[in-house]
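For reference, the structure is listed below as structure tokens.
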Amino acid sequence: MNKVLIVHTCWYEKYIDEMIAIAKEELHKKTNMNFEVNTARAPGALELASLAQNKIEKFNGEYSGILFVGIIIRGETSHYDLVTKETFRSIGVFSEKNFNIAVLNNVICVENKVQLKERYSVATKRNTLSLIDFIHEKSI
């Protein structure tokens, strides 16, 4: 059994819930890989990697893949730039540290909700399929 952890933010809950549903649907379509999916909710994008590390250490060796799910929408301050850069940096560091686990970043960074609506479902489906391929590649 392959266990996948979806670590997600709590902002923009309607879209996050839809992104999680899309990811679970894609994972369950791959019945030959027999995925069990768990989720963990972080307060924001900056906390995603830290929460994932906590779950990895708590459930040592149980996860073959992690999908990070989040949404960052540009506001009127420099906060967007700081959050996007630090979020992506920390996920990269997490991935390098946990190189035996397939890690995919599905944090969507957009200028506005129009862009979000255009991107979130396609990106989530593609990233989930990429995660499945990555899990398979790391298992052989």
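The values are calculated or read from the model by the stated rules, or taken from the named source; none is laboratory data. Model, not experiment: these values are computed from the prediction. Cβ: placed from backbone, ideal geometry, glycine included. Neighbour counts: every protein chain shown. Ligands, DNA and RNA are excluded from the accessible area calculation, which covers all protein heavy atoms including side chains. Shrake-Rupley method; radii C 1.70, N 1.55, O 1.52, S 1.80 Å.
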Open item on the list: Looking only at the range 11-37, how many residues end up being open to solvent by less than 80 Å² (accessible area, probe 1.4 Å), over 13 Å from residue 1 (Cα atoms) and not in a loop (DSSP other than H, G, I, E, B)?
Closed with: 10
Open item on the list: For the structure I just gave you, tell me whether residue 79 is more than 17 Å from residue 6 (Cβ to Cβ), over 16 Å from the mean Cα position of the chain (by Cα) and of a type outside the set (S, T, N, Q).
Closed with: yes
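Run down 89, 119 and say which single residue is of a type outside the set (Ser, Thr, Tyr) and exposed (fewer than 14 other Cβ atoms within 10 Å of the Cβ). Give the steps one after another, and end with the answer.
Details: 119 fails: exposed (fewer than 14 other Cβ atoms within 10 Å of the Cβ).
That would be 89, the only listed residue that is of a type outside the set (Ser, Thr, Tyr) and exposed (fewer than 14 other Cβ atoms within 10 Å of the Cβ).
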Task: The lone exception for residue 75 - which of (1) crowded, with 16+ Cβ neighbours inside 10 Å; (2) over 19 Å from residue 133 (Cα atoms) it fails - done: (1)
Task: Residues being in contact with a helix residue (DSSP H, G or I) (Cβ under 8 Å, 6 or more places away or on another chain), surrounded by fewer than 17 Cβ atoms within 10 Å (Cβ to Cβ) and within 12 Å of residue 138 (Cβ to Cβ) - total across the range 92-108 - done: 1
Open item on the list: Suppose we keep only residues that are surrounded by fewer than 16 Cβ atoms within 10 Å (Cβ to Cβ) and basic (Lys, Arg) within the range 122-140. Which one would you say is farthest from residue 22 (Cα to Cα)?
Closed with: 138
Task: The one condition in (1) open to solvent by 70 Å² or more (accessible area, probe 1.4 Å); (2) part of a helix (DSSP H, G or I); (3) more than 19 Å from residue 20 (Cβ to Cβ) that residue 60 fails to fulfil - done: (2)
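Only one of these is charged (D, E, K, R) and out of contact with any Asp or Glu (no Cβ under 9 Å at 6 or more places or on another chain): 113, 125. Name it. So that I can check it myself, show each step before the final result.
Values: 125 fails: out of contact with any Asp or Glu (no Cβ under 9 Å at 6 or more places or on another chain).
Result: 113 is the single residue among 113, 125 that is charged (D, E, K, R) and out of contact with any Asp or Glu (no Cβ under 9 Å at 6 or more places or on another chain).
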